[in-house]
Amino acid sequence: MIFQKYSGMHLCKKHFVEDVERKIKLTIRKEYSIQKNDIIAVALSGGKDSSVALYMMHKILGNRPDIEIVAVSVDEGIHGYRSNSLEVAKNLTKQLGVRHVIWSFKEVHGVTMDELAASEREKGTCSYCGVLRKNILNRAAIEIGATKLVTGHNLDDEAQTILLNHLRGDMERMVRLAPSAAIEGLVLRAKPLRNIPEKEVALYALVNSLPVDFSECPYAGEALRGEVREMLNNFETGHPGTKYSLLRGFDKLVGALAKELPPARIEKCRICGETCTEDVCQACKLLGRA
Ligand code: SF4
């Protein structure tokens, strides 16, 4: 079914599925210890990554009576795109029998992504979308009483972000990328797919016939990330294993880096009360409430 250039292995369907699931279980065991009575919120967009993340969390933990899994979707208000993927997300949660909550930009922030995209703004659309979505996911996870918030970030996402942070010289952000300790007001983030290449996540979704929306957001295209993605894919072709090397290097380095750059003081935003590292949170700043 697949030749993994980075490992030198040719895998049939059965062994490919086993390989992906083994890596995900190992990541969860090593980095995000699951506790008795955990309530796990899974960010679900309906795309391949979050769908595989939800499917796997359900497969691994779904029959533990002491653990609850809740899917959380965010409707950013992107016409012709998000409503389709939300339908796909609903299908998956129905299939799995997982509770599903949907929060929207309009209800929480009073504005849709389409309105923000059409307005005069200082930053790219994805900068607004990312900050506002993170804000909502954290709020939703707190309301659910979640002890962990799972996202579908895969190996490609992680390797791109690590390289981007190097290119920008942004080591504070680099430290924040590491699996963190629990902080009051911020639900612990977990990325069980961080060791699975993007192509394998897509293949895993296909092999398991998961309902997945493969369409692309009309605003996609953060310029620098796009260049980094292309560069890394070219490197991976010529030097298989590059993405894993970046992640391994980061995992070794981040402990030492965190000692040099201790985390910022945690505060409450004076406007909305959300947990953040400054007087006013990023979401309020971007929405011009400051
Ligand atoms: Fe939001 Fe950008 Fe993703 Fe579209 S591509 S959903 S605008 S972050």
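The values are calculated or read from the model by the stated rules, or taken from the named source; none is laboratory data. Quantities reported herein were computed from a predicted structural model and do not represent experimental measurements. Cβ sites come from the backbone with ideal geometry, for glycine too, and all protein chains shown count toward neighbours. In case anyone asks, the SASA skips ligands and DNA or RNA and just uses the protein heavy atoms, side chains included. Shrake-Rupley method; radii C 1.70, N 1.55, O 1.52, S 1.80 Å.
Consider only pairs whose beta carbons are under 6 Å apart and that are at least six residues apart or on different chains; among these, list those whose first residue lies in the stretch 136-160 and is closer than 10 Å to V72 by Cα and whose second residue is open to solvent by 10 Å² or more (accessible area, probe 1.4 Å) and assigned to a helix (DSSP H, G or I).
Between residues of the stretch 136-160 that are closer than 10 Å to V72 by Cα and residues that are open to solvent by 10 Å² or more (accessible area, probe 1.4 Å) and assigned to a helix (DSSP H, G or I), the close pairs are I136/V108.
Looking at the stretch 56-72, is at least one residue closer than 20 Å to C272 by Cα and either surrounded by fewer than 17 Cβ atoms within 10 Å (Cβ to Cβ) or among the charged types (D, E, K, R) (or both)?
no
Filter the stretch 69-98 down to residues that are among the polar types (S, T, N, Q), part of a helix (DSSP H, G or I) and within 16 Å of the ligand (Cβ to nearest atom), then give me how many there are.
Taking the stretch 69-98 as the starting set, the residues that turn out to be among the polar types (S, T, N, Q) are 73, 83-85, 91, 93, 95.
Then drop every residue that is not part of a helix (DSSP H, G or I), which leaves 83-85, 91, 93, 95.
Add one more test, that the residue is within 16 Å of the ligand (Cβ to nearest atom), and what stays is 83-85.
Of the residues in the stretch 69-98, 3 are among the polar types (S, T, N, Q), part of a helix (DSSP H, G or I) and within 16 Å of the ligand (Cβ to nearest atom).
If we scan the stretch 33-55, do we find a residue that is modelled with pLDDT of 95 or more, farther than 20 Å from D157 by Cβ and in a helix (DSSP H, G or I)?
Scanning the stretch 33-55 turns up no residue that is modelled with pLDDT of 95 or more, farther than 20 Å from D157 by Cβ and in a helix (DSSP H, G or I).
From the list R189, R133, which residue is among the charged types (D, E, K, R), out of contact with any Gly (no Cβ under 8 Å at 6 or more places or on another chain), open to solvent by 30 Å² or more (accessible area, probe 1.4 Å) and away from the ligand (no atom under 16 Å from the Cβ)?
Only one candidate passes the filter, namely R189.
Find the residue count for the stretch 110-130, including only residues that are at pLDDT 95 or above, part of a helix (DSSP H, G or I) and β-branched (V, I, T).
0
Applying the selection to the stretch 66-84, what residues are at pLDDT below 95, within 15 Å of V212 (Cβ to Cβ) and in contact with a strand residue (DSSP E or B) (Cβ under 9 Å, 6 or more places away or on another chain)?
R82
Would you tally the residues in the stretch 157-183 being open to solvent by 10 Å² or more (accessible area, probe 1.4 Å), away from the ligand (no atom under 15 Å from the Cβ) and either in a helix (DSSP H, G or I) or over 17 Å from R225 (Cα atoms) (or both)? It would help to see each step written out before you state the result.
So the first thing to find is which residues in the stretch 157-183 are open to solvent by 10 Å² or more (accessible area, probe 1.4 Å), and the list is 157, 161, 163, 166-173, 175-183.
Filter once more, so that each one left must be away from the ligand (no atom under 15 Å from the Cβ): 163, 166-173, 175-183.
Then keep just the ones that are either in a helix (DSSP H, G or I) or over 17 Å from R225 (Cα atoms) (or both); that gives 163, 166-168, 171-173, 175-176, 178-183.
Number satisfying all stated conditions: 15.
Pairs needed: first member in the stretch 71-82, basic (K, R); second member anywhere, more than 8 Å from the ligand (Cβ to nearest atom) and open to solvent by 20 Å² or more (accessible area, probe 1.4 Å); C-beta distance under 7 Å; at least 6 residues apart or different chains.
Pairs found: R82/D75.
For the stretch 252-264, state whether one or more residues are surrounded by fewer than 12 Cβ atoms within 10 Å (Cβ to Cβ) and among the aliphatic types (A, V, I, L, M).
yes
Taking the condition in contact (Cβ under 8 Å) with a residue 24 or more places away in the chain and open to solvent by 60 Å² or more (accessible area, probe 1.4 Å), does K268 pass?
Answer is yes for this residue.
Which of the numbered conditions does K148 fail, given that it passes all the others? Conditions: (1) out of contact with any Asp or Glu (no Cβ under 7 Å at 6 or more places or on another chain); (2) charged (D, E, K, R); (3) within 28 Å of Q35 (Cα to Cα).
Only one criterion is unmet by K148, namely (1).
Please determine, by comparing only the residues of the stretch 99-109 that are more than 16 Å from the ligand (Cβ to nearest atom) and either open to solvent by 50 Å² or more (accessible area, probe 1.4 Å) or assigned to a helix (DSSP H, G or I) (or both), which one is nearest to S45 (Cα to Cα). Talk me through it step by step, then tell me what you get.
Quick first cut of the stretch 99-109, residues more than 16 Å from the ligand (Cβ to nearest atom) only: 99-101, 107.
From what's left, either open to solvent by 50 Å² or more (accessible area, probe 1.4 Å) or assigned to a helix (DSSP H, G or I) (or both): 99, 107.
Details: R99: 14, E107: 17 Å.
Selected residue: R99.
Got a number for residues in the stretch 271-285 being closer than 23 Å to V175 by Cα and either part of a loop (DSSP other than H, G, I, E, B) or open to solvent by 30 Å² or more (accessible area, probe 1.4 Å) (or both)?
The total comes to 8.
I'm trying to understand the selection: among the residues of the stretch 193-231, which are open to solvent by less than 40 Å² (accessible area, probe 1.4 Å), within 16 Å of the ligand (Cβ to nearest atom) and not charged (D, E, K, R)?
V212, C217, G226, V228
Among the residues of the stretch 201-220, write down those that are more than 16 Å from the chain's Cα centre (by Cα) and either under 15 Å from T277 (Cα atoms) or assigned to a helix (DSSP H, G or I) (or both).
L203, Y204, A205, L206, V207
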